[in-house]
Structures are given as C-alpha cells and as structure tokens.
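Heads up, the thing below is written out as structure tokens.
The values are calculated or read from the model by the stated rules, or taken from the named source; none is laboratory data. Computed from a prediction, not measured in an experiment: that's the story for all the values here. So basically every Cβ, Gly included, is an ideal-geometry build from the backbone, and we count neighbours across all protein chains shown.
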C-alpha cells in the first residue's frame, strides 16, 4: 500500500525526522492563509498523488508570490497529473501540499528496502539526491552507499555515523543524519514497510537536515495489524479494476497487450505471460486468482478481463494443487454463462482432477479450446487472438 507525501511526513515527525513546514489544502481559497501561516516569500506547491516524477509532470511548482501560489493551486487541483510513473490517464489531484521554501545547500538520497539477495534490510544512501536512484545506480553505481542490517539484529548509532562520514557529513549534520536514519529504520521495522525513502534529503544554509520529500510502501499482507496505516489508504489513487479485484482476493494489474490471462499463482502467471510473449503475443493483464480459488472468484476474474477494451482472447492456466481442476472448470462455465464472453478462450488444466476438468469443458458445448500442455495453449491463444 502506498501513502501520500504529506502522510509520510506526518509519520516522519512522530519518529523525530525533520521536515519543512507545510500545510495541506484542497481548495484555492485556502492558499493565501496557508502562505501567511508559513511566512516567508517563497513557497512550493506539490500535487499529492501516488506517483514519483511529479516534478517532470508539472506537479511541483515553485512560487514567489501568494498570487503564484493561487495560480499553481488552480492549475493542479481537480486535474489528472501525468508523470513518468503513471499511465496516460494520470492520477487525480485532490489535494496539494504548500511548503515553505528552503535554502538548499545539498541534496542527498536516503532509503531502506529489503534486499532479497542478501536477505537483509539494506540502507541506501547517496550524495546524488533529487534524481531517480535507478539512474544513479546505472550511471554512477560507485556513488551509492549500501549497508546491510541483519533482520535479527538492529541498526545502531555507530552504523549511522559511519554512513554519515561516507556522505561527508560532519558535526551537527552528522548527528541529524543519525537521528533521521534511526527514525526511518524504526518506521521500517515497526510498521512492516517494504520501501521507505527520502529523495531528496537536503542540507540547508542554516545547517539543518530536512526530508524534502517522503515515500513509504507498506506490505499489504501485514496491514491487518496496522489499523492506523490502513486508515491512510486513498482509494481515489488506485486503479478501479485492481481495487475490485482485491475485494475478491484477486491480484490484478492492467497491461497494454491483447491476451487476457487468468492463472493461479504469481510465479506461474509471470511464466505464462513470458510464454505468450515468446510466441508472438502480448498480455492484457496480470491476474493471479490464488491457490484456493472458487467459482465465484473465477467469475469475477472473467468480468475483470472483459473490462479491458483491447482484449481479443483469454488464456486460462490453472495448476491444480490445493484447488481441484474440475471445480475450476465448473467456475469457468458459470462465469461464461454469467458474463457472456464471446472471445476465443483457451483453457489449460494440469494437476488435481485435471482430466475430469478438461472433459467437463470439452462436453459442455461451449466454444472453449482445451489443452493440457502450456506451450501448446500459449501458441493456440496467440493464433486465435489474431
């Protein structure tokens, strides 16, 4: 689950991480009061959307007068912001964060994530803040400092001091850096975070260290024990189909291809998509119906696939381990009767009661192509979808 920048900064403050003064507003009439409370003569208006690259999309506007702040609010509020990380529709801007301008001396990067290769919580830090960390990693990897923390251990002040030295931070800035990093680490482990980053983390002419931005991604599977975090969810920023899918315990992501996919298991779903691509097709979605799927969930999965306007064929790939293939076959037939799909459909069943499931489909009288071999199923749906 993602949260907005202003929500991340609210959490930062609770863990002793310094941020610029800012005021959240949702109408332009609030702009002048916000500027008066923040004081100064430079402000930044920042669109609150669940996407990076806001500056490149025109979602971060520097203003040198109250009038410019009002114009920026007018420009952003109620619009769809398109950034390099959104689709062509963009995301709705329902709120903006007005912040006091800062005397920036240096921009740093600081973040934590789970490194699956080392099986550690990894601190990433760099003097190259303000730009995509992926770009830094590809072009100047030597400028990224990595420090692994054993998940059964902890991050201590000495570790933070060592990283601060590598960033050439001294005295009070090093102390503030340690406080910031320890705060991030505490959020990471207590709130079941999968990624947390400050980009940029700035030093100012006043010798202070501030989180100028904030991004936090939480582990969806752990939200049941964090009601305070779940309360921060903004469904207006979520894809409608993906949100509907989650209500039925389906994992769904829209893509740009033409072949709808319904598979049980994330790994099998990715392998299926790769095979479709290998044989000249393209996937319209990622859809994992889960290991213990039901006929109702299969029906909902078909409904979701049909909402994709570019779909010209559907491939169902089920490996019956926990789930019985004959029950999946019944669900497929119920779904087709309910949804009324007129698209070419290829169904591959393997595993528990696969033969019974394939027989049920073959004898149903419904125009379904069945296969027991995944490669043949992929070849067939690519051919039919064209």
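Restricting 17, 61 to those that are closer than 17 Å to residue 101 by Cβ, outside any helix (DSSP H, G or I) and in contact with a helix residue (DSSP H, G or I) (Cβ under 6 Å, 6 or more places away or on another chain) reduces the list to 61. Of the set (1) surrounded by fewer than 18 Cβ atoms within 10 Å (Cβ to Cβ); (2) modelled with pLDDT of 95 or more, all apply to residue 119 but (2).
When the residues of segment 1-10 are filtered to those that are out of contact with any strand residue (DSSP E or B) (no Cβ under 7 Å at 6 or more places or on another chain) and outside any loop (DSSP other than H, G, I, E, B), the one that is surrounded by the fewest Cβ atoms within 10 Å (Cβ to Cβ) is 10. Scan segment 170-224 for residues that are surrounded by fewer than 21 Cβ atoms within 10 Å (Cβ to Cβ) and assigned to a loop (DSSP other than H, G, I, E, B) and the total you get is 8. For residue 131, the test of being under 18 Å from residue 5 (Cα atoms) and surrounded by fewer than 16 Cβ atoms within 10 Å (Cβ to Cβ) is passed. Tell me, yes or no, whether segment 287-303 has at least one residue that is over 24 Å from residue 324 (Cα atoms), under 21 Å from the mean Cα position of the chain (by Cα) and modelled with pLDDT under 90. No, because not a single residue in segment 287-303 is over 24 Å from residue 324 (Cα atoms), under 21 Å from the mean Cα position of the chain (by Cα) and modelled with pLDDT under 90. Has segment 251-266 got at least one residue that is crowded, with 17+ Cβ neighbours inside 10 Å, in the same structural domain as residue 319 (by TED's automatic domain parsing) and in a helix (DSSP H, G or I)? No, because not a single residue in segment 251-266 is crowded, with 17+ Cβ neighbours inside 10 Å, in the same structural domain as residue 319 (by TED's automatic domain parsing) and in a helix (DSSP H, G or I).
The strands (runs of 3 or more DSSP E) found entirely in segment 311-386 that carry 1 or more residues being more than 18 Å from residue 270 (Cα to Cα) and assigned by TED's automatic domain parsing to the domain that holds residue 300 are 345-351, 369-371.
State whether one or more residues within segment 333-353 are in contact (Cβ under 8 Å) with a residue 40 or more places away in the chain, farther than 14 Å from residue 374 by Cβ, crowded, with 22+ Cβ neighbours inside 10 Å and out of contact with any strand residue (DSSP E or B) (no Cβ under 9 Å at 6 or more places or on another chain). Within segment 333-353 (the criterion being in contact (Cβ under 8 Å) with a residue 40 or more places away in the chain, farther than 14 Å from residue 374 by Cβ, crowded, with 22+ Cβ neighbours inside 10 Å and out of contact with any strand residue (DSSP E or B) (no Cβ under 9 Å at 6 or more places or on another chain)), the answer is yes, since at least one residue qualifies. Inside segment 272-310, residues that are exposed (fewer than 15 other Cβ atoms within 10 Å of the Cβ) and in a helix (DSSP H, G or I) make up a count of 3.
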